[in-house]
Amino acid sequence: MDNRPTTRPDRRTFAIISHPDAGKTTLTEKLLLFGGAIHAAGEVKARGAARRARSDWMKIEQQRGISVTSSVMTFERHGLTFNLLDTPGHEDFSEDTYRTLTAVDSAVMVIDAARGIEAQTRKLFEVCRLRSVPIITFVNKVDREGRHPFDLLDEIASDLALDVSPMNWPVGMGGTFEGLYNLATKQLTKPDGTTAPADLSHHEPVGEELALIDAGYAAFDEVAYRHGDLTPVFFGSALKDFGVTELIDALARFAPSPRPQPADPAPVSPDDAAVTGFIFKVQANMNPMHRDRVAFMRLCSGKFRRGMKLNQVGTGKAIAVHSPILFFARERETAEEAWPGDIIGIPNHGTLRVGDTLTDGPPKTITGLPNFAPEILRRIALRDPTKTKQLRKALDDLAEEGIIQVFYPEIGSQWVVGVVGQLQLEVLISRLEAEYKVDAKLEPSPWDTARWLAGNAKDIDAFATIHRGALARDRDGALVFMAKDAWELNYVKERNPALRFSATKERA
Ligand code: GDP
């Protein structure tokens, strides 16, 4: 083993959260372009378009080779490595999207200047808030008519209960756009890219706006930002390259380096010598014949080297990582090592599961990867009843990938699948057929939502005698209560104050 002291290279591991069409793909492309990771506009677009062909799952399948590697995009700027983790861009949520946010240290929230905060922005923001993920806001499309900047700032502040601190200011929008004024340096960057000091105190209406900004908004406070209590706001246009460099610079300057990860029995610090990481995503590989999977591991501590043996905490199984996919490797060149904040793709045959911790040190379990309460529950029925075993295997596999959740009712033989969005159901049926040769159909279930149950054994037993018909086990054997609707859930909760009904199940 190489025991020479090394300096840990710094990383910015982040994700972009946004509502569809706000400009995430366009911004991603610009970030990669500025970081030299791609060379022509359009490369990311093509991937985005493929991803969005939502009704045609096979098309997505064919794109798997690309989508595996594009799950993490890496670029460099001024010697700093940025790892951008992709959050799938369709309207429906999968747990995948949520879980990806557990593997980042910060996020960029993209908002359409004409639309403001939209439904999906809000949902993703809530997930970030669960872990106090610091957020930089990019208000996109100022090259078009949009809502007034004050209006947008106030909406972010009140909707998300977040302090906002404007970092630059659009001088006009759409047809009247004259440039972006940097509030700290007091320089104006014009649409042609030139930057020079500017005195806008007599500009109509910006002069007055600047006075109001001084009086009405908090100055940027790095500590509040790091705690997830304040968001610096940049206005710009991903399409026209306005404000994009400022955004990258802000990520470099303010966004946190790899943070310590909560773990049992003690947190994992990026400076720990032992190599420790956790699996936040598992994706089936291109070749359906082999059912290969790639497990995505976020490295939290230590210096990872190709060929290393890591232990799967819990099972103690040793996993030799001979052919890791290291996303920051340039073109053909293979990287030999990785550092905290980096993502490693580990090909395996289903041994690795979302939530697993891998380490070459003393066993520690990284905590805080939530399972989310499904919003749609369906019974799953086989057209060919001899395929029960295959179906069970497939459901367990797909649950492990985070495509669906599966619940095995305590009474009755019909299994229930739970999802957060409709798209997950479409994906489920086509993958059952394509990869497992299982012809299944979905049927309505009497339930609408599910909650993980916790409490002392006596209370749970008492509850079970009354509600057995609505109880199920998830794939890990944890007890789940399925409710007909929100009303019933509330009613049952109120009648059973000794029990906890949680919408998210954290893996121990
Ligand atoms: P995504 O769904 O969030 O990935 O959004 P895209 O990046 O695909 O952008 C959605 C649409 O908005 C596309 O037609 C883009 O060309 C357009 N768009 C993105 N950024 C800008 C911008 O800064 N200005 C304008 N006018 N259009 C933009």
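A few comments on the model shown:
- Single residue of D221, D214, D229 found to be at pLDDT below 95 and assigned by the TED database to the domain that holds L31: D214
- Residue within region 70-92 that is at pLDDT below 85 and assigned to a helix (DSSP H, G or I) present: no
- Region 351-381: number of residues that are of a type in the set (S, T, N, Q) and more than 28 Å from L391 (Cα to Cα): 3
- Test result for A198, out of contact with any Phe, Trp or Tyr (no Cβ under 6 Å at 6 or more places or on another chain) and more than 26 Å from P340 (Cα to Cα): yes
- Residue check, R131 basic (K, R) and closer than 30 Å to V427 by Cβ: yes
- Condition check for E246 on (1) in contact (Cβ under 8 Å) with a residue 12 or more places away in the chain; (2) closer than 22 Å to T25 by Cβ; (3) of a type in the set (D, E, K, R); (4) away from the ligand (no atom under 16 Å from the Cβ): one failure, at (4).
- Filtered by the rule that a residue be hydrophobic (A, V, I, L, M, F, W, C) and over 22 Å from the mean Cα position of the chain (by Cα), region 131-156 gives V142, F150, L152, L153.
- Positions within region 5-56 being of a type in the set (D, E, K, R), within 16 Å of the ligand (Cβ to nearest atom) and at pLDDT 55 or above, in sequence order: D21, K24, E29, K30
- Qualifying strands (runs of 3 or more DSSP E) (wholly inside region 171-286; at least 3 residues being surrounded by 15 or more Cβ atoms within 10 Å (Cβ to Cβ)): 179-182, 187-189, 230-235, 276-284
- Single match in L130, L152 (criterion: touching a strand residue (DSSP E or B) at 6+ places or on another chain (Cβ under 9 Å) and surrounded by 21 or more Cβ atoms within 10 Å (Cβ to Cβ)): L152
- All positions within region 304-343 that are on the phi < 0 side of the Ramachandran plot, modelled with pLDDT of 80 or more, part of a loop (DSSP other than H, G, I, E, B) and touching a Leu at 6+ places or on another chain (Cβ under 9 Å): R306, V313, V321, E336, W339, P340, D342
- Positions within region 414-433 being outside any strand (DSSP E or B) and in contact with a helix residue (DSSP H, G or I) (Cβ under 7 Å, 6 or more places away or on another chain), in sequence order: W415, V420, E426, V427, L428, S430, R431, L432
Listed here are the residues, each with its yes/no results for (1) of a type in the set (A, V, I, L, M, F, W, C); (2) in contact (Cβ under 8 Å) with a residue 24 or more places away in the chain; (3) closer than 14 Å to V108 by Cα; (4) more than 16 Å from the ligand (Cβ to nearest atom).
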| residue | (1), (2), (3), (4) |
| --- | --- |
| L130 | yes, yes, no, yes |
| V133 | yes, yes, yes, yes |
| V142 | yes, yes, no, no |
| G146 | no, yes, no, no |
| D151 | no, yes, no, yes |
| A157 | yes, no, no, yes |
| S165 | no, yes, no, yes |
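- For V417, the conditions (1) more than 30 Å from F14 (Cβ to Cβ); (2) surrounded by fewer than 22 Cβ atoms within 10 Å (Cβ to Cβ) are fulfilled apart from (2).
- Taking region 474-485 as the range and being out of contact with any helix residue (DSSP H, G or I) (no Cβ under 7 Å at 6 or more places or on another chain) and either under 17 Å from V419 (Cβ atoms) or of a type outside the set (A, V, I, L, M, F, W, C) (or both) as the test, the residues that pass are D474, D476, G477, V480, K484, D485.
- Inside region 366-404, residues that are within 30 Å of S132 (Cβ to Cβ) and either touching a Lys or Arg at 6+ places or on another chain (Cβ under 8 Å) or surrounded by fewer than 17 Cβ atoms within 10 Å (Cβ to Cβ) (or both) make up a count of 12.
- Residue count for region 461-508, restricted to those that are in a helix (DSSP H, G or I) and polar (S, T, N, Q): 2
The values are calculated or read from the model by the stated rules, or taken from the named source; none is laboratory data. What you see is a predicted model, and the numbers here were worked out from it, not measured in a lab. Here the Cβ is made from the backbone with ideal geometry for all residues, glycine too, and neighbour counts use every protein chain on show.
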